[in-house]
1. Do the conditions hold for Ile59, that is, is it under 30 Å from Ile118 (Cα atoms), open to solvent by less than 20 Å² (accessible area, probe 1.4 Å), in contact with a strand residue (DSSP E or B) (Cβ under 8 Å, 6 or more places away or on another chain) and touching a residue at least 40 places away in the same chain (Cβ under 8 Å)?
2. How many residues are modelled with pLDDT of 80 or more, outside any helix (DSSP H, G or I) and of a type in the set (S, T, N, Q) when one looks only at the range 65-123?
3. Here's a check for you: in the range 67-90, which residue that is among the charged types (D, E, K, R) and within 20 Å of Ser36 (Cα to Cα) is most open to solvent (accessible area, probe 1.4 Å)?
4. Filter the range 166-180 down to residues that are surrounded by fewer than 11 Cβ atoms within 10 Å (Cβ to Cβ) and either of a type in the set (Asp, Glu) or assigned to a helix (DSSP H, G or I) (or both), then give me how many there are.
5. Filter the range 132-158 down to the residues that are at pLDDT 90 or above and loosely packed, with under 11 Cβ neighbours inside 10 Å and list them by number.
6. Taking the condition touching a helix residue (DSSP H, G or I) at 6+ places or on another chain (Cβ under 7 Å), surrounded by 14 or more Cβ atoms within 10 Å (Cβ to Cβ), closer than 27 Å to Glu33 by Cβ and without any contact (Cβ under 8 Å) to a residue 40 or more places away in the chain, does Ile93 pass?
7. Evaluate the following for Thr64: is it buried (at least 16 other Cβ atoms within 10 Å of the Cβ) and not aliphatic (A, V, I, L, M)?
8. In the range 75-98, which residues are more than 21 Å from Pro8 (Cα to Cα) and of a type in the set (D, E, K, R)?
Amino acid sequence: MLIGYMRPSQEDPNCEMQHSYLTEINCQTIISEEHSSAKKRVQLHHMLNHLNQGDKIVITKLFTIADSTRHLVEVLDVIAAKGAHLHSISEGIDTSRTSGYSFNEIAKHLLEFQSDVISERTKQGIDRAKQKGATPGRPRKPDENVTRAIIMYQSKKYSLAEIKAETGISKSTLYRYLEN
């Protein structure tokens with residue numbers, strides 16, 4: 001069964017263009033979200049839960065069905081687990097075709113690639129900051145305050161609350177320095 005799925009977007013707020021494409025392709029059922037928000041996509045969840053083997057979801061753009069690469073991979077996994085397929089008109093993607101890599105595999109590789117890019121950029125940014133003299137992480141407390149806090153703690157004359165009020169060193173920070 002061909003199932004058309006659409007949701008409002010900036011360029012098609014009433015889903016008129018999407019409806020036109022889905023009708024042209026002869027979708028037996030057309031499902032429409034009432035809003036464009038990424039949250040509470042009730043119709044999408046209902047459609048995915050009631051898919052049957054051999055069904056094909058037809059959309060005009062990948063963004064219609066997913067809001068991120070990770071979300072797309074999750075949706076593709078659900079569709080594949082049900083033995084169904086996805087056809088995106090704009091991108092020319094049809095997961096029912098079996099030639100070459102499956103689109104599901106490509107999307108998973110893209111997700112890994114996206115994660116790797118973010119991780120690498122973060123590491124490069126931290127390295128550049130270190131080269132400029134910045135230290136990553138939370139700023140360290142001045143050494144004289146730590147030393148004073150340790151002396152106060154070891155004297156056993158002050159409570160942890162008094163040590164914190166006097167030096168600004170919290171209980172967990174004090175214990176961390178005492179362990180070293």
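1. yes
2. 5
3. Arg70
4. Of the residues in that region, 2 qualify.
5. Once the filter is applied, which keeps residues that are at pLDDT 90 or above and loosely packed, with under 11 Cβ neighbours inside 10 Å, the range 132-158 yields Lys132, Gln154, Ser155, Lys156, Lys157.
6. Yes.
7. So Thr64 passes the test.
8. If the condition is that a residue be more than 21 Å from Pro8 (Cα to Cα) and of a type in the set (D, E, K, R), then Asp77, Lys82, Asp94, Arg97 are the ones that fit.
The values are calculated or read from the model by the stated rules, or taken from the named source; none is laboratory data. Computed from a predicted structure; not experimentally measured. Cβ sites come from the backbone with ideal geometry, for glycine too, and all protein chains shown count toward neighbours. Quick note on the areas: whole protein, heavy atoms, side chains included, nothing else; ligands and nucleic acids left out. Shrake-Rupley method; radii C 1.70, N 1.55, O 1.52, S 1.80 Å.
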